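Visitor: Would you mind keeping the following structure in view while I ask a few things?
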Amino acid sequence: EGRDTRLRVVLRVRPLTCTETRRGDQQVVHSLGDGAVHVSAARHDATFGFSAVFDAGASQEAVFEGSGMRQLVELAIDGFSCTVFAFGQTGSGKTYTLMGPLAQSETQPASPALLGLMQRSFTCLLEQSRSRGSDLALSASYLEIYNEQVRDLLSPGPPCALPLRWSKTRGFYAENQLSVEFESLEAIVSLLLQGSQRRRTSAHALNRHSSRSHALLTIHVRSRAVSAHPAPGEGWGASACPSKQGTLCFVDLAGSERVKETGSSGELSVEANSINRSLLALGHCISLLAKPRGKRTHIPYRDSKLTRLLARSLGGSGITLMVACISPSSRCLSETLSTLHYASRARRVTTRP
Ligand code: ADP
Ligand code: MG
């Protein structure tokens, strides 16, 4: 608490897809063990180090247990602001890592083994809340940033833009965002599904189900220390029962991409440009934050909605886990290298939880 804490950065390399295998793509990324990964291709030869590397064979459970996600859930219960964000090129496995294949097929439920970090965290959160026997109140909000507009994915009706505000206690927040209470796994999974269906996706060349927006699902965890014998007539006095408020935020970033490669045009290229602009702003903030505290200049969080909403996670009092996702294919080499450089830089970022 109060001490400089580094961002935890782990890497996930997805398996080659059927298409990539059929077309005979070379595998250019190899895990060396101990958090090291090696990229070797004609003119590139580089090694990168992370807190953990999950290769094509890693199960969803292995990623949950090995990434530190369980600890993050516990810290949220203890009152910290925790964030996990998936970052990487379109089609690199971000949504798969967070939600599993469930997000892709609405008709058939995914097998439990394939559930992603989110569902596993919900289960863990609800188990913990039961076993601690404390009075935990859980609620969820779900936002997306689409073309630099913040939208509520849980409120019914056509999507309307929410204004972003700033306050000393809360930092940046979306005004009037809906927060829905839940008590069971079924309830929160159904909120996640509802919201994800509303999330804007449009088909384009790289990934049929590619997400065109950044999505932020936040679980608010409020716990009250229940005293065994509350004095008669005494409410939940601030001093008698200090309450803790933590958050656990899951961020599924829209993928970085080059407009030419995806064959985007018209509306799609407007989308691609605003995605790239906010990712650029995020990259800029990360590289400034990666400098030692004493040498830091002003951090331009205000450059995009995304960086405003992530300000606390990146440079404030949050605890953050970044899951960088890459494809092993030779065809994705330049995007893969850019993700690896970006993620390496993020390892130097510190926060003060
Ligand atoms: P992104 O969200 O980064 O655009 P997706 O999560 O949608 O990418 O993944 C792209 C495709 O690759 C999907 O068809 C997904 O099912 C598959 N995929 C991604 N990661 C894995 C993995 N670890 N194991 C098996 N399939 C995966
Ligand atoms: Mg996605």
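Visitor: Among Thr169, Gly133, Leu153, flag the residue with its Cα farthest along the positive direction of the charge dipole of the range 70-171, charges on Cβ as +1 for Lys/Arg and -1 for Asp/Glu.
Guide: The Cα lying farthest towards the positive end belongs to Thr169.
Visitor: Given Cβ point charges of +1 (Lys, Arg) and -1 (Asp, Glu) and nothing else, what value in debye, to the nearest 20, does the dipole of the range 271-322 about its Cα centre take?
Guide: Numbers: 9 positive and 2 negative charges, 57 e Å.
For the range 271-322, the charge dipole is close to 280 debye.
Visitor: Further question: Along the charge dipole of the range 21-93, pointing to its positive end and built from +1/-1 on Cβ of Lys, Arg, Asp and Glu, which listed residue (Gln89, Gly68, Ala52) has its Cα farthest out?
Guide: Farthest along the dipole direction, towards plus: Gln89.
Visitor: How do the peptides 183-189, 318-324 rank, highest first, by the average count of neighbouring beta carbon atoms within 10 Å per residue?
Guide: Numbers: 183-189: 15.0, 318-324: 25.0.
Going from most to least packed, we get 318-324, 183-189.
Visitor: Starting from the range 99-197, pick out the trypsin sites (Lys or Arg not before Pro) whose DSSP state is loop and whose Cβ has at most 15 other Cβ atoms within 10 Å. Don't skip to the end; give the middle numbers.
Guide: Working: sites: Arg120, Arg130, Arg132, Arg151, Arg165, Lys168, Arg170; in loops: Lys168, Arg170.
Counting only loop positions with at most 15 other Cβ atoms within 10 Å, the trypsin sites (Lys or Arg not before Pro) in the range 99-197 are Lys168, Arg170.
Visitor: Any of Lys94/Lys291; Lys168/Lys291; Lys94/Lys305 with alpha carbons more than 22 Å apart? Name them for me. Write out the running numbers ahead of the final one.
Guide: Details: Lys94/Lys291 27 Å; Lys168/Lys291 25 Å; Lys94/Lys305 20 Å.
Cα-Cα > 22 Å for Lys94/Lys291; Lys168/Lys291; rest within.
Visitor: What does the net charge come to around Asp303 if you take all other residues with beta carbon closer than 13 Å to its beta carbon, with K and R at +1 and D and E at -1?
Guide: Working: positive: Arg277, Arg302, Lys305, Arg308; negative: Glu148.
Charge balance in the 13 Å sphere: +3.
Visitor: Taking the mean number of other Cβ atoms within 10 Å as a proxy for protection, how do you rank 32-39, 293-300 from highest to lowest?
Guide: 32-39, 293-300
Visitor: What number results when the radius of gyration of the range 109-179, computed over Cα atoms, is divided by 2.2 N^0.38 Å?
Guide: Details: Rg = 16.0 Å, N = 71, 2.2 N^0.38 = 11.1 Å.
That ratio works out to 1.44.
Quick note: the coordinates plus some simple rules give every number you see, no bench work behind them. Not measured: the values here are computed from a predicted model. When we count neighbours, we look across all protein chains shown, and the Cβ atoms used for this are built from the backbone with ideal geometry, even at glycine.
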